[in-house]
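Chemist: Handing you this structure, nothing more for now.
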Amino acid sequence: MKVLVIGSGAREHALVRALTLDPTVDAVIAAPGNPGTDVLALNEPVDPTDPGAVVELARRHEVDLVVVGPEAPLVAGVADALREAGIRCFGPGAEAARLEGSKAYAKEVMAAAEVPTAMAHVCTTEEQLAEALDSFGAPYVVKDDGLAAGKGVVVTEDRAAAMRHGLACLAKGEDAQVVIEEFLDGPEASLFCICDGTTVVPLDLAQDFKRIFDGDEGPNTGGMGAYSPLTWAPDGLVEDVVARVAQPVVDEMARRGTPFVGVLYVGLALTSRGPRVIEFNVRFGDPETQSVLARLESPLAVLLAAAADGSLDDHDPLRWSPQSAVTVVVAAEGYPASPRTGVAIGGLEELTFGELAEHVHVLHAGTACDDAGELVSAGGRVLSVVALGDDLVQARERAYAAVARIELEGGHHRTDIALRAARGEIHA
Ligand code: AMP
Ligand code: GLY
């Protein structure tokens, strides 16, 4: 199989890596890819949100499967264009991608499918906003309706800050909407459900760390680290979430004539009243994918092709490594507000060839090669360091030993990824 992966982050590097480990895969093309995917795949430039350009690239390379990493191309209709051109694609069409593209739409589908989620008000005016904030009270949860790269949500005790964010969302345009939600307490979990329009195959659970600083302080980011499996999750949680969330949503989308093919990413809060959906995404999560795929032993291309073909019900049960995986994101100075780019990155050779390499791999995200061919930072989240270990304690030790070898002036990372889980301090 020849596979084209659309996107350029560490999630896409993880996808490319897992695809090249699948014996049915002869070649992988990453578009546009990054200096990390360049080692494993052929990087090709493309505007990922231009459906025509992606179709042209897939045709030119006669690929057997296209895997779309980020949400923006899906919302822009890249999967529709590929399918119309007769090219096999893993990823939902633009209409189904609205599950991520509009929080208000996701709420509507959840209501129709009777999926447990936070109560919410969709507001379009300042008066509605104020009323919704006061009806729920603190802590306030204020969400930009549209795509915001993980940065559109503010959770705060401060009513003035909640109001400011809500007004900023409304100021974005004539039909701008803001969603005010009931605050959900309890640990969070991410479940990636592979869907073929009808059948749902769940991957293993992961947890991600959205805030910039240790102890979940500071602003939300795209994600600063993740681990899998969730040693503390109650038995049967995955089956329960498939039965109560993923399958009803997939059925509802099919009923609407917009079948969901791709990853339905279910972001959950495990509250005292049971699991509640915090958000849907319509693609693999970043950085959870880096941890989840490090443990997947079944061939990834076979699984994603079966989803694209609508034949998941015939797929063999997934095989998982019993090991634990911990991913630590190394971010640029100034991330998330204003990341410093063009900073030299060192220490990677030792991690590729040294004694840690057996258990650790480094995935690229915001990296580039400068004019002299040297690796430099080119974005906020620069690298994902992924380590496997017999348990979370060992995986953490290895991940942080590797992070310590990386040289990036001003770079920073969280030191508490998977720490509370490793200590047995999380209870659902
Ligand atoms: P989202 O972009 O919807 O995933 O929200 C980003 C983060 O905000 C989530 O991972 C949660 O940590 C937090 N969050 C979102 N919605 C709620 C909620 N209703 N209650 C508590 N925290 C929330
Ligand atoms: N890890 C959060 C996301 O991918 O949206």
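The values are calculated or read from the model by the stated rules, or taken from the named source; none is laboratory data. Quantities reported herein were computed from a predicted structural model and do not represent experimental measurements. Backbone-built Cβ (ideal geometry, glycine too); neighbour counts: all protein chains shown.
Chemist: Out of (1) more than 20 Å from the chain's Cα centre (by Cα); (2) away from ligand 1 (no atom under 16 Å from the Cβ); (3) modelled with pLDDT of 95 or more, the odd one out for Val115 is which?
Modeler: (2)
Chemist: Assuming Leu318 fulfils every condition listed in (1) out of contact with any helix residue (DSSP H, G or I) (no Cβ under 8 Å at 6 or more places or on another chain); (2) closer than 21 Å to Thr289 by Cα; (3) of a type outside the set (Gly, Ala, Ser); (4) assigned to a loop (DSSP other than H, G, I, E, B) apart from one, which condition is it?
Modeler: Among (1) out of contact with any helix residue (DSSP H, G or I) (no Cβ under 8 Å at 6 or more places or on another chain); (2) closer than 21 Å to Thr289 by Cα; (3) of a type outside the set (Gly, Ala, Ser); (4) assigned to a loop (DSSP other than H, G, I, E, B), Leu318 violates only (1).
Chemist: Then there is this: Consider Phe284 carefully, then state whether it is farther than 26 Å from Val362 by Cα, at pLDDT 95 or above and within 16 Å of ligand 2 (Cβ to nearest atom).
Modeler: Criteria not met by Phe284.
Chemist: Looking at (1) under 23 Å from Gly366 (Cα atoms); (2) buried (at least 20 other Cβ atoms within 10 Å of the Cβ), which is the one condition that is false for Leu40?
Modeler: Checking Leu40 against (1) under 23 Å from Gly366 (Cα atoms); (2) buried (at least 20 other Cβ atoms within 10 Å of the Cβ), the one that fails is (2).
Chemist: Looking only at segment 338-375, which residues are hydrophobic (A, V, I, L, M, F, W, C), touching a residue at least 40 places away in the same chain (Cβ under 8 Å) and farther than 24 Å from Glu397 by Cα?
Modeler: Val343, Ala344, Ala368, Cys369, Leu375
Chemist: Hey, another quick one. Look through segment 255-298, keep the residues that are out of contact with any strand residue (DSSP E or B) (no Cβ under 9 Å at 6 or more places or on another chain) and within 21 Å of Gly310 (Cβ to Cβ), and return whichever of them is farthest from ligand 1 (Cβ to nearest atom).
Modeler: Result: Gly257.
Chemist: Write out, first by first residue and then by second, each pair whose Cβ atoms fall under 6 Å of each other, whose residues are 6+ apart or on separate chains, and whose first residue, in segment 177-196, is of a type in the set (S, T, N, Q) while the second is at pLDDT 95 or above and within 16 Å of ligand 2 (Cβ to nearest atom).
Modeler: Ser190/Ala206; Ser190/Asp208; Ser190/Gly267; Ser190/Gly285; Ser190/Glu288
Chemist: Can you name every residue in segment 47-69 that is among the β-branched types (Val, Ile, Thr), buried (at least 19 other Cβ atoms within 10 Å of the Cβ) and part of a loop (DSSP other than H, G, I, E, B)?
Modeler: Passing the criteria: only Val63.
Chemist: Also, quick follow-up: Tally up the residues in segment 145-157 that are modelled with pLDDT of 90 or more, assigned to a loop (DSSP other than H, G, I, E, B) and under 24 Å from the mean Cα position of the chain (by Cα), please.
Modeler: Within segment 145-157, residues that are modelled with pLDDT of 90 or more, assigned to a loop (DSSP other than H, G, I, E, B) and under 24 Å from the mean Cα position of the chain (by Cα) number 0.
Chemist: Restricting attention to segment 287-320, which residues are touching a His at 6+ places or on another chain (Cβ under 9 Å), among the aliphatic types (A, V, I, L, M) and within 16 Å of ligand 2 (Cβ to nearest atom)?
Modeler: Across segment 287-320, the qualifying residue is only Ala294.
Chemist: Residues that are among the small types (Gly, Ala, Ser), assigned to a strand (DSSP E or B), in contact with a helix residue (DSSP H, G or I) (Cβ under 8 Å, 6 or more places away or on another chain) and within 16 Å of ligand 2 (Cβ to nearest atom): does segment 250-269 have at least one?
Modeler: yes
Chemist: Still on this model: Has segment 402-411 got any residue that is under 23 Å from the mean Cα position of the chain (by Cα), touching a residue at least 60 places away in the same chain (Cβ under 8 Å) and assigned to a loop (DSSP other than H, G, I, E, B)?
Modeler: Within segment 402-411, one or more residues are under 23 Å from the mean Cα position of the chain (by Cα), touching a residue at least 60 places away in the same chain (Cβ under 8 Å) and assigned to a loop (DSSP other than H, G, I, E, B).
Chemist: Please work out which residue is nearest to Ile6 (Cα to Cα), limiting yourself to segment 333-382 and to residues that are in a loop (DSSP other than H, G, I, E, B) and touching a His at 6+ places or on another chain (Cβ under 8 Å).
Modeler: Across segment 333-382, the extreme among qualifying residues is Ala365.
Chemist: Do the conditions hold for Ile345, that is, is it touching a Gly at 6+ places or on another chain (Cβ under 6 Å) and either crowded, with 16+ Cβ neighbours inside 10 Å or of a type in the set (A, V, I, L, M) (or both)?
Modeler: For Ile345, the condition - touching a Gly at 6+ places or on another chain (Cβ under 6 Å) and either crowded, with 16+ Cβ neighbours inside 10 Å or of a type in the set (A, V, I, L, M) (or both) - is not met.
Listed here are the residues, each with its yes/no results for (1) in a helix (DSSP H, G or I); (2) out of contact with any Pro (no Cβ under 6 Å at 6 or more places or on another chain).
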{"site": "Val25", "(1), (2)": "no, yes"}
{"site": "Asn34", "(1), (2)": "no, yes"}
{"site": "Asp38", "(1), (2)": "yes, yes"}
{"site": "Pro45", "(1), (2)": "no, no"}
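Chemist: In segment 105-143, how many residues are within 16 Å of ligand 2 (Cβ to nearest atom) and in a helix (DSSP H, G or I)?
Modeler: So the answer is 1.
Chemist: Where residues in segment 207-222 are modelled with pLDDT of 95 or more and buried (at least 17 other Cβ atoms within 10 Å of the Cβ), which of them is nearest to ligand 1 (Cβ to nearest atom)?
Modeler: Asp208
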